[in-house]
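Single-structure report; data block below.
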Amino acid sequence: MPAEPVDEWAGHKKGSSAYRRLLAALFFAGIATFAQLYSPQSALPQISADLHIGAASASLVISAATIGLAIGVIPWSVAADRFGRLKSMSFAVIAASAFGLLVPFAPTVELLLAGRFLEGMMVGGVPAIAIAYLSEEIHPGHAARAAGTYVAGTTIGGLLGRLVAGPLAELFSWRLGVFTVAVLCTVSAIVFIRLAPAARGFVPPALRHAPTSLSLWQRLGANLRSPRQLVLYAQAFLLMGGFVALYNYLGFRLAAAPFWLPPAVVSLVFVAYLAGTWSAPQAGALAARLGRWPVLLMSIGVMVVGVALTLTPVLAVVLAGLVLATAGFFAAHATASGWTAAAAPVGRAQASSLYNLAYYAGSSLFGWLGGVFFDAAGWGATAAMIGGLALAAGLLALFALRGRASGALTASVRSNERG
C-alpha cells in the first residue's frame, strides 16, 4: 500500500500510543548502537595487555568503529531514501548486533580492527536515519522533544557500554565484557524493531513528483549550500570535538596531583553521562516552548561554565563542572541535531548524515588534538581548547542562526510542510 504523502500526514501527537512507542523504540535504538560503539573504551588497558600492543594501538579499536560510522552515514541515508527509514534502521541494528557478537573473538589485531570498522559502518545506520525518521513521524510541535529523548537513549547506551564492559574486563576478560554488551545491544535492537510503529510520513522517491525527485548529490548540495545547515554542522564538529577531549583527558588529571584518584574511581566519571540523559529531553521540551536558538545558546553557555570549573583544584568542583559540561553538551546536541533535520531544505536523511559526519570528524580531530595540548601544557591547555571550541560554536550560533527559528518551532513546521 503506498505511503501517505507527507503533506497529508500531520505526525503522531504527544500522548498518543504511537508517539510513546516511537520514542521508546528510538530510546532502545540509541542503546543498541552506542553501547557497543564505545564499550571497548573502558577495557583498553586489558586489550593492550592481551594483544601485546601499546595504548595508542589499542585506542584504534575505538577509532576504527567511529571512522566506519562516519563513512557509513551517507550510504545509509541513501538506503533510507530507497528502502524506507524504518526498514533501513532495522537492518542496521541487526547487522551491528551480529558484528558486535562476533568481533570480541577476533584472534588478531588486524581482524579486530577490520571487524570494528564494519561494526561501526552498521552502527551508522541509526544516527544517520533516526532524526529524519522522527521528523517525519512526529508532529512538528513535538519533534524537538522526541529528538531529545532519542539523544537521551544514546547517552544511556554510551554509559551502559562502558560501565558493563569495564568491570567484567577487570574481573574476567575484555572479550567477555565487550561480548556481554553486544548481547544487551541485541536485546535492545529486538525491542526497537518490535516497538517502532510503521512509517507513515515517508514518501518513496518513485511516488514523488519529478521536481522533488532530486539525486543524492543534489540533496547533499542543497544542504551544503544552506548557511543555516553549515552552522548547525559546525555545532556538531566543534562541540563534539571538545566533549570527546573532555572525557579523554580529564581522567589523566584526576589520576595525578593533587587528586591521585585510583583508576577504578576515575572510570566512574562516565556516570556523569546521566546528566546528558536528563538534559537532552529537557532541552527538547524547552525548545518546543522557546524556540531552538535560545536553548542552543543557553546549552553552550552551560558547557563553557562547566569546563571552566574543571580548572579548580577542588575535586567536588571539578566533578560538578564535568556534570554541567556534560548536561550542556547533550542539550546542545539534541537541539542542533533535531534542528538540522527539521530545517533541511531537501533530503532530511542526507541532512542528518552530514550532521553526523561533522560530529564524528570533530570527535576524531579534537579528541586527538586535545592530547597534544595536554602533553604540551597540561589540563589547563586542553580545557582552554575545549572552551575555545564551545565559544566558537556559540558565536556562530549567536550571529548566524538568530532569527532563523521563531517561537515554538515555526521553522520546523514550515520545513515539514515542504517534505
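The values are calculated or read from the model by the stated rules, or taken from the named source; none is laboratory data. Only a predicted model underlies this, so the values are computations on that prediction, with no experimental measurement involved. So basically every Cβ, Gly included, is an ideal-geometry build from the backbone, and we count neighbours across all protein chains shown. What goes into the accessible areas is simple: the full protein's heavy atoms, side chains included, and nothing from ligands, DNA or RNA. Shrake-Rupley method; radii C 1.70, N 1.55, O 1.52, S 1.80 Å.
Of all residues assigned to segment 85-98, none qualifies as being surrounded by 20 or more Cβ atoms within 10 Å (Cβ to Cβ) and of a type in the set (Phe, Trp, Tyr). In segment 119-146, the residues that are over 17 Å from residue 84 (Cβ atoms) form Cβ pairs under 9 Å with partners that are crowded, with 24+ Cβ neighbours inside 10 Å and of a type in the set (Lys, Arg), at six or more places apart or across chains, as follows: 144/292. Which of the residues that make up segment 155-171 are crowded, with 24+ Cβ neighbours inside 10 Å and either in contact with an Asp or Glu (Cβ under 9 Å, 6 or more places away or on another chain) or over 16 Å from residue 104 (Cα atoms) (or both)? Matches in segment 155-171: 155, 157, 158. Only residues that are modelled with pLDDT under 95 and open to solvent by 50 Å² or more (accessible area, probe 1.4 Å) were counted in segment 324-344, giving 0. The set of residues from segment 305-323 being in contact (Cβ under 8 Å) with a residue 60 or more places away in the chain, open to solvent by less than 20 Å² (accessible area, probe 1.4 Å) and outside any loop (DSSP other than H, G, I, E, B) comprises 307, 318, 322. Scan segment 124-151 for residues that are of a type in the set (A, V, I, L, M, F, W, C) and either open to solvent by 10 Å² or more (accessible area, probe 1.4 Å) or within 20 Å of residue 358 (Cα to Cα) (or both) and jot them down. Passing the criteria: 126, 128, 129, 130, 131, 132, 147, 151. Take the conditions (1) open to solvent by 20 Å² or more (accessible area, probe 1.4 Å); (2) closer than 12 Å to residue 127 by Cβ; residue 111 misses just one of them, which is (2).
Of all residue pairs spaced 6 or more apart or on separate chains, those with beta-carbon atoms under 6 Å, a first member in segment 73-95 that is under 12 Å from residue 193 (Cβ atoms) and a second member that is open to solvent by 30 Å² or more (accessible area, probe 1.4 Å) are 86/199; 90/193; 92/122.
Within segment 80-111, how many residues are of a type in the set (D, E, K, R), in contact with a helix residue (DSSP H, G or I) (Cβ under 8 Å, 6 or more places away or on another chain) and closer than 18 Å to residue 26 by Cβ?
Matching residues across segment 80-111 total 1.
Suppose the filter is surrounded by 23 or more Cβ atoms within 10 Å (Cβ to Cβ), over 20 Å from the mean Cα position of the chain (by Cα) and either within 30 Å of residue 46 (Cα to Cα) or touching a residue at least 12 places away in the same chain (Cβ under 8 Å) (or both); does residue 296 pass it? No; evaluated as a whole, the condition is false for this residue. Scanning segment 35-52 for residues that are buried (at least 24 other Cβ atoms within 10 Å of the Cβ) and at pLDDT 85 or above gives 35, 36, 37, 39.
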